[in-house]
Amino acid sequence: MKLSVVIPVYNSEANIVSLIHKLQVALHAISFEIVLVNDGSRDRSEKICTELAKDFDNVRFISLRRNYGEFNAVMCGLNWTKGEFCVMIDDDFQNPPEEILKLVETAERGDFDVVYTYYSKKEHAVYRNLGSRLVNWITTYSIKKPKDLYLSSFKLIRSEVVEEIIKYQGPYPYIDGLIFRITKNIGTVQVLHQKREEGKSNYTWRKLISLFLNILFCYSSLPIRLFMPIGVSLFGLGFLLLAFFFVQWIIGPDPKGWQVVTAAMIFIGGIQCTLLSVLGEYIGKSFMAQSGQPQYVIKYNSGKDL
């Protein structure tokens, strides 16, 4: 098997049939499979994907019990892939299926473990572009991503890397974070990016914020490291202020007591609340990771073994 195409599906009844047919045409020259993972869609996506798995021998369909999120759905799909290369593509046609062959050619030509795509022009909404920039900025410092590398969802991963990625069993998978734990042999290729043909993006502000927090607290110790210089700076500032008030108390005029107490309470209370919130995030994530919460629960699995 040359290629596995993993597609997380969510409320895609208007697109998914056309996407599968276009994939069959675009990739006809190579041996490939398609792994559809329904992430708790609320429309007819599950029924349509079930029929697609019956109609095409190279389509496998997995339906999850509820909505677990895009990364969890992709992780599920990766566990069922058999191709030498695995490509993740969204279900909204913003990445043309014909562009997949560019990723395969780039991986083979450069012997890359992973190939990311980038665009000359992105057709996302403004808030989505801003969210992407924020995520790319934080990943540059948290997972040591090269500054000029765009972490697109449309990417190719070699099967050996996939085998390592799926060893992660925690409930908060972040595919790009796992990739950079495994390899630095990364390639890039420019592809087209189209406007959505139907519907609207499933990436809301809420999901972007959740992704940001997931990266920050599950794949990096950056928050803890940031609070060290902040704490030292505040300690130094507090020491200087106390020294100033002490000198002022000696030479006059005396500082007002309520000013000193209020300032001290604000500084100390703010530091405590901030540190407690960071500590709470780590404890909460660690607890959930150790609690046995699954990445996904399969409702049923249809499709022929290839």
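Taking the simple approach of a point 7 Å from Cα along Cα-to-Cβ for both VAL247 and LEU149, what is their distance in nm?
Between VAL247 and LEU149, the label points sit 5.1 nm apart.
Residue-wise, which Karplus ³J(HN,Hα) couplings in Hz belong to the stretch 69-76, taking 6.51 cos²θ - 1.76 cosθ + 1.60, θ = phi - 60°, and x for glycine or proline?
For the stretch 69-76, the Karplus-derived couplings read x, 4, 5, 5, 5, 5, 4, 4 Hz, x marking Gly and Pro.
Starting from the 7 Å offset along Cα-to-Cβ, what nm value, one decimal, do you get for the label separation of ALA264 and ILE30?
Computed distance between label sites ALA264 and ILE30 equals 6.8 nm.
Structure shown: which of LYS2/LYS144; LYS155/LYS184; LYS2/LYS54 lie over 24 Å apart, alpha-carbon to alpha-carbon?
Over 24 Å apart, Cα to Cα: LYS2/LYS144.
Taking 0.36 nm per residue of sequence separation and subtracting the Cα-Cα distance, how much length would be gained by fully extending the chain between LYS82 and LYS54, in nm to one decimal?
8.2 nm
Using r as the Cβ-Cβ distance of GLU163 and ILE209, and R0 as 41 Å, what FRET efficiency do you calculate, to the nearest 0.05?
After rounding, the FRET efficiency stands at 0.85.
Let me make sure I get this right: for the stretch 1-133, a, b and c are the square roots of the gyration tensor eigenvalues over alpha carbons, sorted descending. Under 1.5 in a/c it's rounded, otherwise prolate if a/b > b/c, else oblate. Which is it?
It comes out oblate by the Cα gyration axes.
Tell me which residues come under 5 Å, amide H to amide H, from ARG44 once H is placed; ignore anything under 5 positions away on its chain.
When sequence neighbours closer than 5 places are left aside, the close amide H contacts are GLU13.
Please arrange LEU156, LEU241 by how many other C-beta atoms lie within 10 Å of their C-beta, fewest to most.
LEU241, LEU156
What FRET efficiency do you get for ASP254 and SER286 if R0 is 41 Å and r is their Cβ-Cβ distance, rounded to the nearest 0.05?
Between ASP254 and SER286 the formula returns 0.25.
Since every read-out is calculated from the coordinates, none of them should be taken as a lab result. Quick caveat: nothing in here was measured; it's all calculated off a predicted structure. Cβ coordinates were reconstructed from backbone atoms using ideal geometry, including for glycine residues, and neighbour counts include every protein chain displayed.
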